[in-house]
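Colleague: Here it is, the structure, as structure tokens.
Laboratory data are not the source of any read-out in this text; all were calculated from the coordinates shown. This one's a predicted model, so the numbers in the text were calculated from it and none came from an experiment. FYI the Cβ positions are ideal-geometry reconstructions off the backbone, even for glycines, and counts take in every protein chain you see.
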Amino acid sequence: MKAVVTVVGKDRVGIIAAVCTQLAAYQVNVLDISQTVMQGYFTMMMVVDVSQSTLPLAELAQQMDEKGKQMNLSIRLQREDIFDAMHRV
Amino acid sequence: MLNINDILSTQDMIDKRHLDIRTITMGISLLDCGHEDVKTCARKIYDKITRRAENLVKVGQQIEWEFGIPIVNKRISVTPISIVGNTCRTDSYVPLAIAMDAAAKQCGVNFIGGFSALVQKGCTQGDWILMDSIPEAMKATERVCASVNVGSTKAGINMDAVAKMGQIIKKTAQLTADNDGLGCAKLVVFANAVEDNPFMAGAFHGVGEPETVLNVGVSGPGVVYHALQGVKGQPFDVVAETIKKTAFRITRMGQIVGVEASKRLGVPFGIVDLSLAPTPAVGDSVARILEEMGLEVCGTHGTTAALALLNDAVKKGGVMASNHVGGLSGAFIPVSEDEGMIAAAEAGVLQLDKLEAMTCVCSVGLDMIAVPGDTSAETISAIIADEAAIGMVNSKTTAVRIIPAPGKVVGDRVEMGGLLGSAPVMPVHGQSSAEFIARGGRIPAPLQSLKN
């Protein structure tokens, strides 16, 4: 199963490294990354494969949310199919 | 391929526009819980609800995290208790309401609906007992919601039940006077009630429904409001199209969440209710959508037309997004639960008569309206009769949820708290309808052809 990780916050050194390290710790594989800086805000979107994740998806999402709070960022992990449902006919 | 703007727009809707799943409601049949001893019946009801809905809240929370979408309420609806209770040798169904309340608390749901009776054509012994039990049940329980269907397009209006419900509403207000008549906020009088409505206070699990079912109610007035801000001054064709597109997205979200929840709970998926359900939070108001269309204040001339467009476009957009649409599906206009409605009522612009006109084109009816505490039972019955007539003739669901707040007069405010919000006390006509209500009997079902 695929999920989408979005990271939004003030740009600084090491955001991608920290998020990827955290994901790797749970055996989550990164499939695609795109990032941009919009109005001074770092915005990153990753598509990840969570099928090997050592944590159930809901807990993984909570862990990433927690990590985001520690780093003063918004980190969200959501199932990919919600976006397909909402934006594709 | 996913587009970063699509992803960010979804998150923006959730973070800033109050997009959420308003409720996942599990319907549970209690048809096998009857027993001549009311205590045994109550125990069977408690056992069945707690067994079937054991994982409802847990699964709801898991899905919230996985999809990153808030599911604000997890609720339960059950078979109308008048049918189940009819098997008991008793003169009060209050013990059954208490069992429902205890089961709701055990399952962790905030409301349970189905303390209900369907009396559009006449009342069984059980129906009378249920109606008589409502005031005490609303006082004795915290989470139980009651509803009574007094009319339908096929059956006409049961005016004996209408007269009765005026008295019941008054009595419920008196028994819960300490909380401004809060009991009445959990009591709905319907015409053309639907069997698969996931929204409270009017949810019940109809007898045509399966053993258990999962229905989903979506929301998102804030998202529609924001979308319309982007098309200021443009013709109504554009307005309707914009609402449809937004409703489509909202409904798709409800569909995916509902299917997932039903799969995990092992319960068949019922319907998505395509509703715009406001909350008292700023930015989550249906009234503000109508104002965004160009009305200075909700309730002024043009409001009914604006609401008609909104209601229809929400349905058109939503229907294609879900494989089963049902429930009440449309825009709700509960006064106390909508920040813009409260403001319009307090400004004196939004009046009861205009609200009644609006209910001809909205999803339900006169909802969460506070009236003076000295409003007579007959006047409340007459308000119910008017509303039921609109539903009956137009083949739509209508309802009355009205709070004759004890000791309050026009200009006072009634505080319900939480999602129920607060309502300014609105004036009613002072002239009597007592003789009209005293007639009793039935208003015949209307003609359904020769519509020119």
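Colleague: Run the reach check for B:K396 against lysines, Cα to Cα strictly under 24 Å, same-chain hits fewer than 8 apart removed. What comes back?
Modeller: B:K396 reaches B:K121, B:K154, B:K164, B:K186, B:K244, B:K315, B:K316, B:K354, B:K451.
Colleague: Where does chain B land at 222 nm, in deg cm²/dmol rounded to the nearest 500, when only DSSP H runs of n ≥ 4 count, each adding -39500 (n - 2.57), divided by all residues?
Modeller: Taking each H run of at least 4 residues, the total per residue is -13500 deg cm²/dmol.
Colleague: For chain A, which GluC sites (Glu not before Pro) are both in a DSSP coil and crowded by at most 10 other Cβ atoms within 10 Å?
Modeller: none
Colleague: While we're on this one: Going through segment B:173-244, which GluC sites (Glu not before Pro) have at most 10 other Cβ atoms within 10 Å and a DSSP loop state?
Modeller: none
Colleague: Lys and Arg at +1, Asp and Glu at -1: add these up for the other residues within a Cβ distance under 15 Å of B:I24 and post the number.
Modeller: With Lys, Arg at +1 and Asp, Glu at -1, the neighbours total 0.
Colleague: Would you mind classifying segment B:25-191 by shape? Square roots of the alpha carbon gyration tensor eigenvalues, ordered a ≥ b ≥ c; an a/c under 1.5 is rounded, otherwise it is prolate if a/b is larger than b/c and oblate if not.
Modeller: prolate
Colleague: Skipping prolines and chain starts, which residues have an amide H placed within reach, meaning under 5 Å, of the one on B:F204, given they are 5 or more residues away or on another chain?
Modeller: Close amide H contacts, sequence-distant or interchain: B:N197.
Colleague: Right, here's the next one. How would B:C184, B:C145 line up from fewest to most surrounding beta-carbon atoms within 10 angstrom?
Modeller: By the 10 Å Cβ count, ascending, the order reads B:C145, B:C184.
Colleague: Which is farthest toward the positive dipole end of chain B among B:L265, B:Q125, B:F190, measuring Cα position about the Cα centre, with Cβ charges +1 (Lys, Arg) and -1 (Asp, Glu)?
Modeller: Of B:L265, B:Q125, B:F190, it is B:L265.
Colleague: Given charges of +1 on the Cβ of Lys and Arg and -1 on the Cβ of Asp and Glu, with all other atoms neutral, how large is the dipole of segment B:95-241 about its Cα centre, in debye to the nearest 20?
Modeller: Charge dipole, segment B:95-241, about its Cα centre: 280 debye, nearest 20.
Colleague: Let me ask something else about it. Enumerate the calculated ³J(HN,Hα) couplings along segment B:138-154 in order (Karplus 6.51 cos²θ - 1.76 cosθ + 1.60, θ = phi - 60°), each rounded to whole Hz, writing x wherever the residue is Gly or Pro.
Modeller: Along segment B:138-154, the couplings run 5, 6, 7, 10, 10, 10, 7, 10, 10, 8, 9, 9, 9, x, 7, 5, 7 Hz.
Colleague: Apply the Karplus parameterisation 6.51 cos²θ - 1.76 cosθ + 1.60, with θ equal to phi minus 60°, to every residue of segment A:12-23 and state each ³J(HN,Hα) to the nearest whole Hz, in sequence, with x for glycine and proline.
Modeller: Result, ordered by residue: 6, 5, x, 5, 4, 4, 5, 5, 5, 4, 4, 5 Hz.
Colleague: To check you understand DSSP bridge types, tell me what percent of the beta bridges within segment B:25-191 (both residues inside) are antiparallel, rounded to 5.
Modeller: 10
Colleague: Give me a comma-separated list of calculated 3J(HN,Hα) values for segment B:263-277, in order, Karplus coefficients 6.51, -1.76, 1.60 applied at θ = phi - 60°, integers in Hz, x for any Gly or Pro.
Modeller: For segment B:263-277, the Karplus-derived couplings read 4, 6, 8, x, 10, x, 7, x, 9, 9, 8, 7, 10, 9, 9 Hz, x marking Gly and Pro.
Colleague: Follow-up question, since we're still on this one. To make sure I understand the rule: partners must be aspartates and glutamates, Cα under 14 Å from the Cα of B:K139, and not fewer than 8 residues away in the same chain. Which ones qualify?
Modeller: Correct list for B:K139: B:D101, B:D178, B:D180.
Colleague: For segment B:1-92, which trypsin sites (Lys or Arg not before Pro) pass both filters: DSSP loop (anything but H, G, I, E, B) and at most 13 other C-beta atoms within 10 Å?
Modeller: Here the trypsin sites (Lys or Arg not before Pro) that fit, given the DSSP loop and packing criteria, are B:R89.
Colleague: If you don't mind, there's one more thing I want to ask. Straight-line reach from A:K2: which aspartates and glutamates have a Cα under 14 Å away, not including same-chain ones fewer than 8 places off?
Modeller: Within the straight-line cut-off, A:K2 pairs with A:D32, A:D49, A:E80, A:D81, A:D84, B:E66.
Colleague: Considering lysine pairs in segment B:1-70 that are 8 or more places apart or on different chains, how many have Cα atoms under 27 Å apart?
Modeller: Qualifying lysine pairs in segment B:1-70: 4.
Colleague: Can you compute the charge dipole magnitude of the protein assembly as shown about its Cα centre, using +1 on each Lys and Arg Cβ and -1 on each Asp and Glu Cβ, nothing else charged? Give it in debye, rounded to the nearest 20.
Modeller: 660
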